[in-house]
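**Student:** Below is a structure I'd like to ask you about.
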Amino acid sequence: MLKKDDTKLEIFGFGDNTDDNFYCLVNIKKSPDGIDLEKLSAADPRKFDEVLNEMGCILLLRGDEIEELIKRGAITDADLHASIYELAVEQDIIQ
């Protein structure tokens, strides 16, 4: 199983609102440099998920999804990286 230390949380946005932010849990064993936003923005929209997967994206959440998960108590913003990693393990996204 992938360990938390083998992941990192990257936050990037495409707009001015926090809802426009994306939170990506990245497998740094697969992609030590993380998400290449230039390559991602040039990707064919039909292959967006494939490109993210190639870049090591394990889980991608929008800002509004993060807020909802915090409200539900599923994750905490005290250590967002650890919380999202634990959520991915609990949901069998990381096995």
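FYI, it's all coordinate maths here, none of it is from the lab. Source: prediction; values computed, not measured. Note that we place each Cβ from the backbone using ideal geometry, even for glycine, and neighbour counts take in every protein chain shown.
**Student:** With only Lys, Arg, Asp and Glu charged, each at its Cβ (+1 for the first two, -1 for the last two), find how big the charge dipole of the chain is about the Cα centre; round to the nearest 20 debye.
**Tutor:** About 300 debye.
**Student:** Please work out how much length the chain gains when fully extended from Glu90 to Asp64, using 0.36 nm per residue of separation minus the C-alpha to C-alpha distance, in nm with one decimal.
**Tutor:** Working: separation 26, 0.36 × 26 = 9.36 nm, distance 2.05 nm.
Length difference between fully extended and current span is 7.3 nm.
**Student:** Now a separate question. Quick one: compute the contact order of the stretch 14-70, relative version, from alpha carbon pairs under 8 angstrom and 6+ residues apart, as a percent.
**Tutor:** With pairs under 8 Å counted, the relative contact order is 50 percent.
**Student:** Continuing with this model, one more query. Per-residue ellipticity at 222 nm for the chain, helices alone: DSSP H runs ≥ 4 residues times -39500 (n - 2.57), over residue total, nearest 500 deg cm²/dmol? Walk me through the numbers before you get to the answer.
**Tutor:** Numbers: 4 runs with 34 residues, N = 95.
Taken over the chain, the calculation gives -10000 deg cm²/dmol.
**Student:** When the Kirkwood radius is taken over all Cα pairs of the stretch 4-90, what Stokes-Einstein diffusion coefficient follows at 25 °C and 0.890 mPa s, in µm²/s? Intermediate results must be reported in sequence, preceding the final value.
**Tutor:** Values: Rh = 13.4 Å.
Calculated translational D: 183 µm²/s.
**Student:** Here is a further query. If I take every Cα pair under 8 Å that is 6 or more residues apart in the chain, average their sequence separation and divide by the length, what percent do I get for the relative contact order? Mind showing how you got there, number by number?
**Tutor:** Details: 118 pairs, mean separation 28.4, N = 95.
In percent, rounded to a whole number, it is 30.
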